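> Here's a structure for you.
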Amino acid sequence: MTDRFREDGVLAVDWVASYLERVRDLPVLSQVEPGEIRAALPAFPPDEPEPFAAVLADLDGVLAPGLTHWQSPRFFAYFATTGTEPAILAELLAAGLNQVGILWRTSPALQELEEVTLGWLAQLLGLPEGLHGHIEDTASTSTLVALAVARASSPGRRVVLCSEHAHSSVDKAVRLLELELRKVPADGEFRLDPAYLELDDACAVVATIGTTSTTSIDPVPEIADRCEDAGVWLHVDAAYAGAAAVCPELRDRFAGWERADSIVVNPHKWLGVPTDCSTLWTRRPESFRNAFSLVPEYLRVAEEVASLSEYTQVLGRRFRALKLWAVLRCYGRTGLQERIREHVRLAELFEELVRAEEGWEVTAPRPFSVVCFRREGSDEDNERLLERVNASGEVFISHTRLRERYVLRLAIGNFRTTEDDVRLAWDVLRREAAGL
């Protein structure tokens, strides 16, 4: 296999380059039925070695129909993402190097690049100096880790509070940690209402900047005041929206997040980094070490260096910083700002198109690049509209429920999305609505 590595590598990179060139024209949402891909695959593993070219052939012939194209510039569901070219190549390098960062000494470059890169990113986002940062796989893990530290920091307190619009990862983390979750009602703009924030027996509050359904912004300064007075851990979930802080004109939306005990931002959502890359910062690193540091004899070393494994529940870690570092270097501050600003502009454009069309309505404020809207009519009508739009394969959008109404969501975040793609989405929505 080694003697064909260069040749196969060229084929693989060429396949990816070709895919990115044509992904705009592919059906965004996979059109297969459940079990269809499984049925097309052999039931037994091969007895003899096969060439890598056979893998690529089956990627085209068998797996491709079962792909939902997150790389498509017409992917507008959930939170749109991008795996940019520099980060894709960095993933290849990371796999080739195959570093396992269980300790500083097992890969000094892995740990120190991660520390430096998170320092860079904190500067780009306007976060204060002195925060300790590390990378987790997803915001679900980052939130779980932060709440575990909050629990350990407040023995006897078992309550976590968050908005009714907080991400479901908070629910799951609380369940795993055997804590009690209290959902706090939201105000008219879908933000956590501090008037209902009861902190008795609380170990943590999760405030969100950029909630999943509407990207609403909880009033972090007021929540921070309450948490400081009560000695309660404040975790800020900015997994999606945090990237927008790279733009100074958007930074007012992040007021107070520097006062949080922990903050999560996902570069794999809106900064061109392939999944999995979730950055977690804290101003209380010793609390993380107190909760997680456990060094068995076989990992004891002479160096007086705190390994990143002492700040989280996992021991081994991938060289994730390499792809983030590549993006920050190859795009720079100005390149990232350009893309964030363009996405916000395109979302404003789509919002204007909806508002201008009779029979349609915008259903929530739009602080970033997600538009919540619906067509006048029943929930069933809007659900059928969503199904028709997605079945067309031309675009992919998602939905939520706000005030017990079925609402459509269009999320802009792919680096390759253009105004033509957004206008196409609106044309498809109007066409399919007319056909109901």
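The values are calculated or read from the model by the stated rules, or taken from the named source; none is laboratory data. Since we're looking at a predicted model, the values are computed, not measured. Counting neighbours? That spans all protein chains shown, and the Cβs are built from the backbone with ideal geometry, glycine included. We work out accessible area using only protein heavy atoms, side chains counted, and drop any ligands, DNA or RNA first. Shrake-Rupley method; radii C 1.70, N 1.55, O 1.52, S 1.80 Å.
> Carbon-plus-sulfur fraction of the accessible area of the range 168-226, 1.4 Å probe, in percent?
Details: 1090 of 2510 Å².
For the range 168-226, the apolar C and S fraction of the accessible surface comes to 43 percent.
> Could I ask something else about it? How far apart, in nm, are two points set 7 Å out from the Cα along the Cα-to-Cβ line at residue 43 and at residue 93?
Taking the simple label geometry, residue 43 and residue 93 are separated by 4.6 nm.
> Here's another thing I want to ask about it. Please list 401-414, 99-112 highest first by mean number of surrounding beta-carbon atoms within 10 Å per residue.
Details: 401-414: 19.6, 99-112: 18.1.
Descending packing order for the listed peptides: 401-414, 99-112.
> Kindly write out, for the range 241-246 in residue order, the coupling ³J(HN,Hα) from the Karplus curve 6.51 cos²θ - 1.76 cosθ + 1.60 (θ = phi - 60°), rounded to whole Hz, with x marking Gly and Pro.
Once θ is set to phi - 60°, the couplings for the range 241-246 become 7, x, 4, 5, 5, 5 Hz.
> Another question about this same structure. Per residue, how much accessible area does the range 222-371 have with a 1.4 Å probe, in Å²? List each step's numbers first, then the result.
Working: 6070 Å² over 150 residues.
Dividing the accessible area of the range 222-371 by its residue count gives 40 Å².
> If you don't mind, there's one more thing I want to ask. Given a 1.4 Å probe and every protein chain left where it sits, what share in percent of the accessible area of the range 360-412 is carbon and sulfur?
40
> A follow-up question, please. Using the basic label-point model (7 angstrom from Cα toward the beta carbon), what is the residue 405 to residue 123 distance in nanometres?
4.7
> Further question: Expected output is a single nm value to one decimal: the length gained when fully extending between residue 62 and residue 302, i.e. 0.36 nm times separation in residues minus the C-alpha distance. What is it? Write out the running numbers ahead of the final one.
On the way: separation 240, 0.36 × 240 = 86.40 nm, distance 5.15 nm.
Fully extending the segment from residue 62 to residue 302 adds 81.2 nm.
> Just to check I understand the Karplus step: with θ = phi - 60° and J = 6.51 cos²θ - 1.76 cosθ + 1.60, what whole-Hz values come out for the range 360-369, glycine and proline as x?
Each residue of the range 360-369 in turn: 10, 8, 8, 10, 7, x, 10, x, 10, 10 Hz.
> Describe numerically, in nm with one decimal, the distance between label points set 7 Å from Cα along Cα→Cβ at residue 31 and at residue 183.
Going by the 7 Å Cα→Cβ label model, 3.7 nm.
> Here is a follow-up. In terms of the Cα gyration tensor, with a ≥ b ≥ c the square roots of its eigenvalues, is the range 392-436 rounded because a/c is under 1.5, prolate because a/b exceeds b/c, or oblate?
Since a/c reaches 1.5 but b/c is at least a/b, the shape of the range 392-436 is classed as oblate.
> Evaluate E = 1/(1 + (r/R0)^6) for residue 357 and residue 168, where r is the Cβ-Cβ distance and R0 equals 30 Å; express this FRET efficiency to the nearest 0.05.
On the way: r = 32 Å, r/R0 = 1.07.
The formula returns an efficiency of 0.40 here.
> If I take R0 = 30 Å and measure r between the Cβ atoms of residue 275 and residue 6 in this structure, what FRET efficiency does the formula 1/(1 + (r/R0)^6) give, to the nearest 0.05?
Taking R0 as 30 Å, the efficiency between residue 275 and residue 6 is 0.60.
> Skip the ligands, DNA and RNA, and give the accessible area per residue of the range 11-64 with a 1.4 Å probe, whole Å².
Roughly 73 Å² per residue, with all protein chains present.
> Given [x] 64, 61, 44; [y] 65, 53, 39; [z] 62, 51, 42 as candidate values of Cα extents along the principal axes in Å, which corresponds to the one derived from the coordinates?
Calculated Cα extents along the principal axes in Å: the matching label is [x].
> Run the dipole for the range 94-231 about the Cα centre, Lys and Arg Cβ at +1, Asp and Glu Cβ at -1, nothing else charged, and hand back the magnitude in debye, nearest 20.
Values: 10 positive and 21 negative charges, 101 e Å.
Rounded to the nearest 20 debye, it is 480 debye.
> Let me ask another. Can you give me the % of accessible surface on the range 5-131 that is carbon or sulfur? Probe 1.4 Å, all protein chains present, nothing else counted. Let's see the in-between values first.
Numbers: 4640 of 7510 Å².
Solvent-exposed carbon and sulfur of the range 5-131 make up 62 percent of the total.
> Ignoring ligands and nucleic acids, what accessible area does residue 311 show with a 1.4 Å probe (Å², nearest 10)?
Residue 311 has an accessible surface of roughly 20 Å² with all protein chains in place.
> Got a sec to turn the phi values of the range 27-40 into Karplus ³J(HN,Hα) couplings, 6.51 cos²θ - 1.76 cosθ + 1.60 with θ = phi - 60°, whole Hz, x for Gly and Pro?
x, 5, 8, 4, 9, 7, 8, x, x, 5, 5, 4, 5, 7
> Using only DSSP helix segments of four residues or longer, with each worth -39500 (n - 2.57), what per-residue ellipticity at 222 nm results for the chain after dividing by its residue count and rounding to 500?
The helix-only estimate for the chain comes to -12500 deg cm²/dmol at 222 nm.
> Can you return the lysines within cross-link range of residue 323? Criterion is Cα-Cα under 17 Å, with same-chain partners fewer than 8 residues away left out.
Reachable lysines: 269.
> Hey, how many Å between the Cα centroid of the range 147-188 and the Cα centroid of the range 115-137?
After rounding, the separation between the Cα centres reads 25 Å.
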